[in-house]
Amino acid sequence: MFLVMGITGKVGGATAEHLLARGKEVRALVRNREKTSSWASQGVELVDGDWNDSAAIERALKDVEGAFVMLPAVWAPSPDFKEAKGVIANYVEALTRAAPPRVVALSSMGADRTSGLGMITALSLMEQGFRNLTSPIAFVRAGGLL
């Protein structure tokens, strides 16, 4: 079983499709079951909750082989990136408690830097926040997504 965050988006959806095509079981954390009914019909296990609830994320992580995580898009972040910091804190809490065997986190080129990043700052903060987790983590630093 693999947890895929952001399953209703392009990247999360493509990740889920890839796993399902290879016979893997997929679980998704969802806010709206109606919006994800097509995933349920493909056998995806749906867990109610969202990025702002560390307990829900932890429930979704229960007994997974791995997790694909990402930050939600915030097109006009606050100057201190409080929206991203909140989600990152929830991820860190849930990933610390559940400690899945592996984690893949969607990031971006340049997120390994710590200044002068603009909107990529949120991803840099995520990478920094995940540094002390015990689970092995791979950051996918994409250069562009279509």
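The values are calculated or read from the model by the stated rules, or taken from the named source; none is laboratory data. All values derive from a computational prediction rather than experimental measurement. In this analysis, Cβ positions are derived from the backbone assuming ideal geometry, glycine residues included, and neighbour counts consider all displayed protein chains.
Quick notes on this structure:
- Qualifying positions in region 30-55 - among the hydrophobic types (A, V, I, L, M, F, W, C), closer than 20 Å to GLU83 by Cα, surrounded by 14 or more Cβ atoms within 10 Å (Cβ to Cβ) and touching a residue at least 24 places away in the same chain (Cβ under 8 Å): TRP51
- None of ARG131, ARG97 is in contact with a helix residue (DSSP H, G or I) (Cβ under 9 Å, 6 or more places away or on another chain) and farther than 24 Å from HIS18 by Cβ except ARG97.
- Yes/no for PHE130 being at positive phi and buried (at least 16 other Cβ atoms within 10 Å of the Cβ): no
- Filter result for ASN52 (among the polar types (S, T, N, Q), out of contact with any Lys or Arg (no Cβ under 9 Å at 6 or more places or on another chain) and within 19 Å of LEU95 (Cα to Cα)): yes
- Scanning region 65-75 for residues that are surrounded by 17 or more Cβ atoms within 10 Å (Cβ to Cβ) and in contact with an Asp or Glu (Cβ under 9 Å, 6 or more places away or on another chain) returns a single hit, LEU71.
- Condition check for SER38: outside any loop (DSSP other than H, G, I, E, B) and hydroxyl-bearing (Ser, Thr, Tyr): yes
- Residue match in region 59-67 (condition: modelled with pLDDT of 95 or more, in a strand (DSSP E or B), on the phi < 0 side of the Ramachandran plot and aliphatic (A, V, I, L, M)): yes
- Of SER124, SER78, all but one fail to be polar (S, T, N, Q) and surrounded by 15 or more Cβ atoms within 10 Å (Cβ to Cβ); the exception is SER124.
- Qualifying residue in region 9-26 (condition: modelled with pLDDT under 95 and touching a Gly at 6+ places or on another chain (Cβ under 8 Å)): no
- Residue match in region 82-96 (condition: within 20 Å of ARG27 (Cα to Cα), under 12 Å from the mean Cα position of the chain (by Cα) and among the acidic types (Asp, Glu)): no
- The residue that is surrounded by the fewest Cβ atoms within 10 Å (Cβ to Cβ), counting only those in region 85-103 that are of a type in the set (A, V, I, L, M, F, W, C) and either part of a helix (DSSP H, G or I) or in contact with a Cys (Cβ under 6 Å, 6 or more places away or on another chain) (or both), is ALA89.
- Candidate set: region 104-146, residues that are in contact with a Ser or Thr (Cβ under 7 Å, 6 or more places away or on another chain) and part of a strand (DSSP E or B); chosen: the one modelled with the lowest pLDDT: ALA142
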